[in-house]
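Asks: Dropping the structure in here first, questions after.
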Number of protein chains: 2
Amino acid sequence: MKKVGIISYGITPFSKEDQKIESVLLKSVKNLFENNPNINRNDIDAVLVSTNNNSKYLSPILSEMIEIHPKIAHSIESLCNSGTNSIVSAYSYISAGLADMVLISGAERYDSPGQILEWDNSRGEYKHPIFWASIFTKSYKREFSISDEELAVVPVKNHKQAKENPNAMSNKNFSIQDVINSKKLTDDIRLLDCSRPCTGSASVILASEEIVRKNTDAPVWITGIGQKTTSASFTKNTSFSFMESTKLAVESALKMSNKTISDIDVAEIHDAFSVCEPMALESLGFANLGKGIDMIKELHETNNFKINPRGGLIGSGHPLGATGIAQTIEIIQQIQSNAMNRQVDNAKIGLVHNMSAAATSSTVLVLEK
Amino acid sequence: MKKVGIISYGITPFSKEDQKIESVLLKSVKNLFENNPNINRNDIDAVLVSTNNNSKYLSPILSEMIEIHPKIAHSIESLCNSGTNSIVSAYSYISAGLADMVLISGAERYDSPGQILEWDNSRGEYKHPIFWASIFTKSYKREFSISDEELAVVPVKNHKQAKENPNAMSNKNFSIQDVINSKKLTDDIRLLDCSRPCTGSASVILASEEIVRKNTDAPVWITGIGQKTTSASFTKNTSFSFMESTKLAVESALKMSNKTISDIDVAEIHDAFSVCEPMALESLGFANLGKGIDMIKELHETNNFKINPRGGLIGSGHPLGATGIAQTIEIIQQIQSNAMNRQVDNAKIGLVHNMSAAATSSTVLVLEK
């Protein structure tokens, strides 16, 4: 199999700005070209747009705006893990020899239609993600005897880490008590337990080995890929306190990269809600069952940014189609020792965990120097 | 590069039915499983949905409906050539070794939002495809001194051929005079010059060589792939009487399959409007410049179904996301000598031409026994 690496990335601040989706897309692509002026944009032979936006033909539109004429051009949607689905698709095009340099650009507006899954009637009127998150939280707390105060360490840590991320929507520290005192949205979820929808964009360029070596002296390689879809309805999940799709995805990704979970130095985890971070850590194998919160607490107390250095979805904001790409960019910056105050010591091997709709599908990527 | 083939297909009648997009998708997948009962659906490890529908997460939803748990699952959109974009994506996953058996399902409703390109302000208020088609028609007629009556052979031939296609929306013969007498929509376009939006679905399964050999004794292989996007705005086209993106796509596809255009025995052409068929035949190299109509006239008079045997988009109907897949299915049936009264003699090598938005992007596939 051909080696595939990343030669540049671009990102916008995550905000509540009311901008057209095309402008949002363009912004991170401009930043990407600034970040690596070596790249000849005419060499880009595929453009994949990751979004839940209803606008059509965005990939040819983006291509026209940056004056390129790719072979392959289309949009990819899979709710919140559209971003990593696009990265895997780009990887495949290069690996199959159909493209050598693929631009992947993810973007979303704060009012994304991907925030509600109209189809899932098993949710009754409760189509907003907060309702599955509420059930997950109740289930997780009950199964492992976790209190609201214990769970609150997740947003406390992630908002703290987001303060070191210049593109994060959050720029404020919160205490455990702040989380507990924030508005109660359901019996088990408070406002500060939630990632927030926002406007933002993130882009990367993937390339074949030869082009990577020509265009950068700090390459980052994608060495592991794992994906799994278990269902679309969250009520079909085998458990409400464990992410089966994540477990299956990480197994494939680690196998492909010939690594174990203990080899991972830094990880981006899909913390759509507080409970998702410990659940994902356990499903990924970073922590034993029910021990995710202990791990998070220890990392927080020792100021170790290993998990969600950019502040996660809770601290950064969650522009659906851009999220998986923004997570990947954070891992690239970490591996390149370019993450400023967020830098994790000795970060050589990183992992991205991106999921959709109550973890009914998950993607896991392993990235290396 | 790994060999990739097709092991089953399914299709629905194209109609004006008002059905939920999920039901439309499911219908052709059911037909696909009926058509090849050997297939173990649990072996499907990727599901790609091709559509312009605004519903989200359709691939996991389809997977749940047919009770499978794929690794890869997402939707792909590129207006009218979403279908072949999805096929190329599936090809890449298999060729890259990330999947062995990919289900691609395209579906659309008659009221698809992909029928209007909101972004293209160069069209002024004329965002409906009929306006670029009108400009193309005027330009083509003027450049090559073609009359309305001469151009009318395209719908006459394609409706005639559609009568032999049990899934086509059209079931009626029209004369040249019928076309000329049909409602004038613009100065240069009449009602019978147009393909019609409809509800319909088409699905195929692509697989790696080993799995193809296990699952069918009439394999059809994808041996050539070419794609090109020149812009998103049709006013950026270098010509209004020639399809530059089609020319570039066919060059790549023929090169990859080591064929010339004269090797092609049967072809599906993207005749969104009458003028598109001669223009595409010339851009693909089947006919010299300005001679597409002569070729179509001769085929029609000799009752040779070589071009658009299923009746093209004009005769079959045009359910955007399903079209490229339905075209591919026709070529499969032709190559398998399974096309009933539409059968082209000695059809061993076939070509699919699928495009979007005034040929601002094109896909060409070559299929072989």
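Asks: Confirm whether B:Ile66 is within 14 Å of chain A (Cβ to nearest Cβ), open to solvent by less than 20 Å² (accessible area, probe 1.4 Å), modelled with pLDDT of 95 or more and more than 20 Å from A:Cys80 (Cα to Cα).
Replies: yes
Asks: Right, next: Among the candidates B:Ser8, B:Ser28, single out the residue that is touching a helix residue (DSSP H, G or I) at 6+ places or on another chain (Cβ under 7 Å) and open to solvent by less than 30 Å² (accessible area, probe 1.4 Å). Please lay out each step first, then the result.
Replies: Working: B:Ser28 fails: touching a helix residue (DSSP H, G or I) at 6+ places or on another chain (Cβ under 7 Å).
After applying the criteria, what remains is B:Ser8.
Asks: Hey, another quick one. Filter the stretch B:146-177 for residues that are touching a residue at least 12 places away in the same chain (Cβ under 8 Å), open to solvent by 70 Å² or more (accessible area, probe 1.4 Å) and either under 23 Å from B:Glu298 (Cβ atoms) or of a type in the set (Lys, Arg) (or both) and give the result.
Replies: B:Glu149, B:Glu150, B:Lys163, B:Lys172, B:Asn173
Asks: Still on this structure, please answer the following. Kindly indicate whether any position in the stretch A:135-148 is within 21 Å of the chain's Cα centre (by Cα), in a helix (DSSP H, G or I) and more than 14 Å from chain B (Cβ to nearest Cβ).
Replies: yes
Asks: Which residues, counting only those in the stretch A:21-54, are under 22 Å from the mean Cα position of the chain (by Cα) and assigned to a loop (DSSP other than H, G, I, E, B)?
Replies: Passing the criteria: A:Thr51, A:Asn52, A:Asn53, A:Asn54.
Asks: Considering only residues of the stretch A:92-111 that are within 19 Å of the chain's Cα centre (by Cα) and open to solvent by 10 Å² or more (accessible area, probe 1.4 Å), which is farthest from the other protein chains (Cβ to nearest Cβ)?
Replies: A:Tyr110
Asks: A:Glu209 versus (1) touching an Asp or Glu at 6+ places or on another chain (Cβ under 7 Å); (2) open to solvent by 50 Å² or more (accessible area, probe 1.4 Å): which is the lone unmet condition?
Replies: (1)
Asks: Would you pick out the residues in the stretch B:59-68 that are part of a helix (DSSP H, G or I) and either of a type in the set (Val, Ile, Thr) or under 21 Å from the mean Cα position of the chain (by Cα) (or both)?
Replies: Correct list: B:Ser59, B:Ile61.
Asks: Follow-up question, since we're still on this one. For the stretch A:322-369, give me each residue that is polar (S, T, N, Q), open to solvent by 10 Å² or more (accessible area, probe 1.4 Å) and either in contact with a Cys (Cβ under 8 Å, 6 or more places away or on another chain) or not in a helix (DSSP H, G or I) (or both).
Replies: A:Gln336, A:Ser337, A:Asn338, A:Gln343, A:Asn346 - these are the residues of the stretch A:322-369 that are polar (S, T, N, Q), open to solvent by 10 Å² or more (accessible area, probe 1.4 Å) and either in contact with a Cys (Cβ under 8 Å, 6 or more places away or on another chain) or not in a helix (DSSP H, G or I) (or both).
Asks: Taking the condition modelled with pLDDT of 95 or more, assigned to a helix (DSSP H, G or I) and touching a strand residue (DSSP E or B) at 6+ places or on another chain (Cβ under 9 Å), does B:Glu210 pass? Let's see the steps before the verdict.
Replies: Values: modelled with pLDDT of 95 or more: yes; assigned to a helix (DSSP H, G or I): yes; touching a strand residue (DSSP E or B) at 6+ places or on another chain (Cβ under 9 Å): no.
No.
Asks: For the stretch A:220-240, give me each residue that is in a loop (DSSP other than H, G, I, E, B), away from every other protein chain (no Cβ under 11 Å) and modelled with pLDDT of 95 or more.
Replies: Listed by number, the list is empty, since nothing qualifies.
Asks: Further, regarding this structure: Can you find a residue that is within 14 Å of chain B (Cβ to nearest Cβ), buried (at least 22 other Cβ atoms within 10 Å of the Cβ), free of Cβ contacts under 8 Å to residues at least 40 places away in the same chain and under 24 Å from A:Leu351 (Cα atoms) anywhere in the stretch A:39-54?
Replies: no
Asks: Under the condition of being part of a loop (DSSP other than H, G, I, E, B) and either facing chain A (nearest Cβ under 8 Å) or free of Cβ contacts under 8 Å to residues at least 12 places away in the same chain (or both), which residue from the stretch B:69-91 is farthest from A:Ser361 (Cα to Cα)?
Replies: Step one: filter the stretch B:69-91 for residues part of a loop (DSSP other than H, G, I, E, B), giving B:69-71, B:79, B:81.
Narrowing the set further to residues that are either facing chain A (nearest Cβ under 8 Å) or free of Cβ contacts under 8 Å to residues at least 12 places away in the same chain (or both) leaves B:69-71, B:79.
Values: B:His69: 9, B:Pro70: 9, B:Lys71: 8, B:Leu79: 26 Å.
Only one residue fits best here, namely B:Leu79.
Asks: Look through the stretch A:251-286, keep the residues that are of a type in the set (Gly, Ala, Ser) and assigned to a loop (DSSP other than H, G, I, E, B), and return whichever of them is most open to solvent (accessible area, probe 1.4 Å).
Replies: Residue satisfying both the conditions and the ranking: A:Gly285.
Asks: Looking for something more than 28 Å from B:Pro155 (Cα to Cα) and among the charged types (D, E, K, R) - is there at least one such residue anywhere in the stretch B:258-273?
Replies: Residues of the stretch B:258-273 that are more than 28 Å from B:Pro155 (Cα to Cα), as a first pass: B:258-259.
Narrowing further to those that are among the charged types (D, E, K, R): B:259.
Yes.
Asks: Check B:Lys184, B:Lys127 and return the single one that is farther than 24 Å from B:Val352 by Cβ, open to solvent by 20 Å² or more (accessible area, probe 1.4 Å) and more than 14 Å from chain A (Cβ to nearest Cβ).
Replies: B:Lys184
Asks: Which residue out of B:Thr229, B:Thr235, B:Thr260, B:Thr302 is in contact with a strand residue (DSSP E or B) (Cβ under 6 Å, 6 or more places away or on another chain) and among the hydroxyl-bearing types (Ser, Thr, Tyr)?
Replies: The unique qualifying residue is B:Thr229.
Asks: What pairs come up if the first residue lies in the stretch B:238-250 and is open to solvent by 30 Å² or more (accessible area, probe 1.4 Å), the second is of a type in the set (S, T, N, Q) and modelled with pLDDT under 95, and their beta carbons are under 7 Å apart, counting only those six or more places apart or on different chains?
Replies: Going by the 7 Å Cβ cut-off, the qualifying pairs are B:Glu244/B:Asn237; B:Glu244/B:Thr238.
Asks: Got a number for residues in the stretch B:1-20 being outside any loop (DSSP other than H, G, I, E, B) and either within 14 Å of chain A (Cβ to nearest Cβ) or modelled with pLDDT under 95 (or both)?
Replies: Result for the stretch B:1-20: 1.
The values are calculated or read from the model by the stated rules, or taken from the named source; none is laboratory data. These numbers come from a predicted model, not from an experiment. Methodologically, a virtual Cβ is constructed for each residue, glycine included, from the backbone with ideal geometry; neighbour enumeration extends over all protein chains shown. Surface accessibility is based on the protein's heavy atoms, side chains included, excluding ligands, DNA and RNA. Shrake-Rupley method; radii C 1.70, N 1.55, O 1.52, S 1.80 Å.
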